[in-house]
Amino acid sequence: MKRRSIIVGVIIVAAVIGVLIPGRHTDKQKTIGISQSAKDLYYCPMHPSFTSDKPGNCAICGMSLVKREVNPHESTKQPGERKLLYYRNPMNAAVTSPVPMKDQMGMDYVPVYEEDTTSARTSGVYISPEKQQLIGVKKGRVEKRKLSGQILTVGRIAYDPSLFTAQQEYLQAFKGSRTIHKDEGYLDEQSGALTKSMKQKLLAMGMSEGEITGLEKRGKPQQNLYLPTSEDTNVWVYVTIYEYEAELVKAGTPVEIRAIAYPGQVFEGKVIAVTPIIETATRTLKVRALVDNPENKLKLEMFVNVVIKYDLGDKIAVPEEAVMHAGTRDIVFVTGANGHFESRVVKLGNKAGDYYEVLEGLAENEEVATSGNFLIDSESKLNAVLDKTAEPNK
């Protein structure tokens, strides 16, 4: 009888344990499921501040909520479990703050946690390979290349009696100062002052120091400015360039001239001087170029089309498509590991063809996004809004 009671008791205990053990396992599975579902976040594309932990519609505009893309390489810890280090500018990771704040465009600074500092490249926006293909993201390399370009502008064959006369006057003053003996004191001083004054006038009219020296040696004004003779095989061309192009055009820069009177024919020459005075009304400069004129085809005051070719040499350059102009800043998105893109403020130099010269902000061989930049920028701003959302709306 006692033996039977013991057997019954063992069976009852086993049954109780059998019930309890599966229950505990089920509770663990439920806990894991709740933790997993808590990671999902749905947001409204038009109102990113409205979020939810389940699919549905936006309470503001009625649009279907979109599931937020999760970075598989991101830490699974909740923000409350991580050590907050500082806040960074969403458009420039190098600018940080110890407290929450907004940038000049009103965007909130992004919190940076301890594990986020293991790699500077992971501080940007994450976009999966599938989404990159969907929005058409393309990439290009920052590299040193030979930069050259051309300026397309207009000009006219110079007819300049004023400059011709000024050259005559300068030569008279220059020759006169050389004939006066130094012992004549006062006359020598007056002659020198007149020569200097006439030289300043020529400089203001666009002649260079080298041209004036050549004028002194030649002893006669440039006849092709006024009434060319059969001996003149070249003409002066006055070319107009804008203020921002002044650095690109220097003495010796090659030019090509085309006139509608001679279709298909190119007249070659080079820049001799750039006037030192800007036209206040148009913000332009006048360039003086000496151009070959075989058979005297180019006539005075004739309008021509001009191509000025410039060479910047070997420079670190970034494709034009990679640059976003945001107010006073120029921004590119540098590609990082595992689908990350980091916004970088850069300082650019001159533009040559389809490339910009890079002065600061990028290093050779870095990779940048050359297409889809605006969508990457939108994703970055969207993530900044979602990151500051502490709890989803119910």
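No value in this document is a laboratory result; all are computed from the given coordinates. Source: prediction; values computed, not measured. Reconstructed Cβ throughout: ideal geometry from the backbone, glycine too, with neighbour counts over all protein chains shown.
A few notes on this one:
- For the pair VAL154 and GLU209, label points projected 7 Å from Cα toward Cβ lie 3.6 nm apart.
- Computed from backbone phi with θ = phi - 60° and the Karplus coefficients 6.51, -1.76 and 1.60, the 3J(HN,Hα) list for region 148-155 is 8, x, 8, 10, 9, 8, 10, x Hz; x is used for glycine and proline.
- Protection proxy ranking of 151-162, 290-301 - average other beta-carbon atoms within 10 Å, highest first: 151-162, 290-301
- Once the Cα-Cα distance is subtracted from the 0.36 nm per residue extended length, the THR96 to TYR262 segment shows a gain of 53.6 nm.
- Backbone HN-Hα couplings from phi across region 194-202 [Karplus 6.51/-1.76/1.60, Hz, Gly and Pro as x]: 5, 4, 5, 5, 5, 5, 4, 5, 5
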